[in-house]
1. Answer yes or no: is there a residue in the stretch 224-242 that is in contact (Cβ under 8 Å) with a residue 40 or more places away in the chain and within 15 Å of CYS44 (Cα to Cα).
2. Go through the stretch 40-58 and give me each residue that's open to solvent by less than 20 Å² (accessible area, probe 1.4 Å) and either over 14 Å from the mean Cα position of the chain (by Cα) or of a type in the set (A, V, I, L, M, F, W, C) (or both).
3. Could you check the stretch 292-314 and list, in sequence order, the residues that are open to solvent by 10 Å² or more (accessible area, probe 1.4 Å) and among the aromatic types (Phe, Trp, Tyr)?
4. Can you name the condition, by its number, that ALA93 falls short on among (1) open to solvent by 60 Å² or more (accessible area, probe 1.4 Å); (2) of a type outside the set (Phe, Trp, Tyr); (3) in contact with a Phe, Trp or Tyr (Cβ under 9 Å, 6 or more places away or on another chain)?
5. Hey, does the stretch 235-244 have a residue that's surrounded by fewer than 19 Cβ atoms within 10 Å (Cβ to Cβ), at negative phi, of a type outside the set (Asp, Glu) and in contact with a Pro (Cβ under 6 Å, 6 or more places away or on another chain)?
6. Kindly provide the set of residues from the stretch 281-315 that are among the hydrophobic types (A, V, I, L, M, F, W, C) and touching a Phe, Trp or Tyr at 6+ places or on another chain (Cβ under 6 Å), ordered by number.
7. Taking interchain pairs and intrachain pairs at least six residues apart, which have beta carbon atoms under 8 angstrom, with the first residue in the stretch 142-163 and under 27 Å from SER81 (Cβ atoms) and touching a residue at least 60 places away in the same chain (Cβ under 8 Å) and the second surrounded by fewer than 24 Cβ atoms within 10 Å (Cβ to Cβ) and among the acidic types (Asp, Glu)?
Amino acid sequence: MTRLDVQGLTVEYRSAGYPVRPLDGLDMTAETGELVLLLGPSGCGKTTLLSVLAGILTPTSGTVLLDGTPVTGLRGGDLTSYRRSTVGVVFQAFNLVPSLSAVENVAAPLWAAGVGRRPARERATALLTQVGLADRLRHRPGDLSGGQQQRVAIARALVHDPPLLLADEPTAHLDHVQVEVVLRTLRTLAAPGRLVVVATHDDRMVPLADRVVQMRPDLADGPDAPERLAFEEGELIFAQGERGTQVYVIAEGEVLLTRAGERGEEVLARLGPGEYFGELGPMLGFPRSATARATRASVLVGYGVADFKALLRDGKLAARSTAVARRRTRPPAASSAR
């Protein structure tokens, strides 16, 4: 039986001097035989999560358990063994060796593990037959379509019969005919004894999935109605790297937007009554890219994404961009303060 448990998973790193947190306290579970989708746009942490599950990336905090084994705690030979025989990875760019045939590309990991040439080729042939490429064994990647290359990559990931198969955007470079074949292949591979986790932004896969993990906040999250909030002088509204579901309009007072960078803290803008901030994070599902703090006693109105869009649509916030542009010497906070 294969059971995956992810608890409180957080990954944080620094980019251009400021903290980025693609995963922030993620929890998920999955069982053997399931096809699990990590669904969301680019930049939401899908590939980061796959890298942690594959034992390639060590998280900042949290745990990953596969059948009770703490993947995030593996080191040395145990980690090498896990990467080789427990998890198989299908890369978005295929990563096939151009000079090798399909059967040689699939057999290569077995040769590297010391398996004899004949049994390795027999195993590779059986796997390529399983994914519908029995007639393409001797073709090199350049002679194969994108969908065929992807199926070779899937066969290669299965050479050690791993109980966990990970696929990163497997339909990204395929036309609709090729997509259908690859999706059918992945659906078939998700069977008792194997768990398949697929990172994708392609919602065509949703009907095939047993479980869908939304990798971005639900845009409907947040208060059902606009919420009036009071902040004292110096009080933090939100911090860079956090995730949030509200967009703020200033009713009274003043808000300072700053960003931590290589040269320290950079002031992005000072905003006053009638101006808004923090819209991009909730709308795009990204972490906040700036810190917001009240510089004096302030009253804000927090809107959910749907209500904020209605304000924009009705033209009630249309004057903001001009007003902010007159007050700034740096790039507009609307495009930088999420």
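1. The answer is yes, given that some residue of the stretch 224-242 is in contact (Cβ under 8 Å) with a residue 40 or more places away in the chain and within 15 Å of CYS44 (Cα to Cα).
2. Residues of the stretch 40-58 that are open to solvent by less than 20 Å² (accessible area, probe 1.4 Å), as a first pass: 40, 44-46, 49-50, 52-55.
Of everything in the stretch 40-58, those that are open to solvent by less than 20 Å² (accessible area, probe 1.4 Å) and either over 14 Å from the mean Cα position of the chain (by Cα) or of a type in the set (A, V, I, L, M, F, W, C) (or both) turn out to be CYS44, LEU49, LEU50, VAL52, LEU53, ALA54, GLY55.
3. TYR303
4. (3)
5. Taking every residue of the stretch 235-244 in turn, at least one turns out to be surrounded by fewer than 19 Cβ atoms within 10 Å (Cβ to Cβ), at negative phi, of a type outside the set (Asp, Glu) and in contact with a Pro (Cβ under 6 Å, 6 or more places away or on another chain).
6. Of everything in the stretch 281-315, those that are among the hydrophobic types (A, V, I, L, M, F, W, C) and touching a Phe, Trp or Tyr at 6+ places or on another chain (Cβ under 6 Å) turn out to be ALA292, ALA294, LEU300.
7. Between residues of the stretch 142-163 that are under 27 Å from SER81 (Cβ atoms) and touching a residue at least 60 places away in the same chain (Cβ under 8 Å) and residues that are surrounded by fewer than 24 Cβ atoms within 10 Å (Cβ to Cβ) and among the acidic types (Asp, Glu), the close pairs are PRO163/ASP67.
Yes/no matrix, rows are residues, columns are (1) more than 23 Å from VAL301 (Cα to Cα); (2) among the β-branched types (Val, Ile, Thr); (3) open to solvent by 60 Å² or more (accessible area, probe 1.4 Å):
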position: ARG184; (1), (2), (3): yes, no, yes
position: GLU227; (1), (2), (3): no, no, yes
position: ALA230; (1), (2), (3): no, no, yes
position: GLY253; (1), (2), (3): no, no, no
position: ALA260; (1), (2), (3): yes, no, no
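The values are calculated or read from the model by the stated rules, or taken from the named source; none is laboratory data. As the structure is a computational prediction, the values presented were derived from the model and not from experiment. No Cβ is skipped: glycine too gets one built from the backbone with ideal geometry, and neighbour counts run over all protein chains shown. Calculation scope for accessible area: heavy atoms of the full protein, side chains included, ligands and nucleic acids excluded. Shrake-Rupley method; radii C 1.70, N 1.55, O 1.52, S 1.80 Å.
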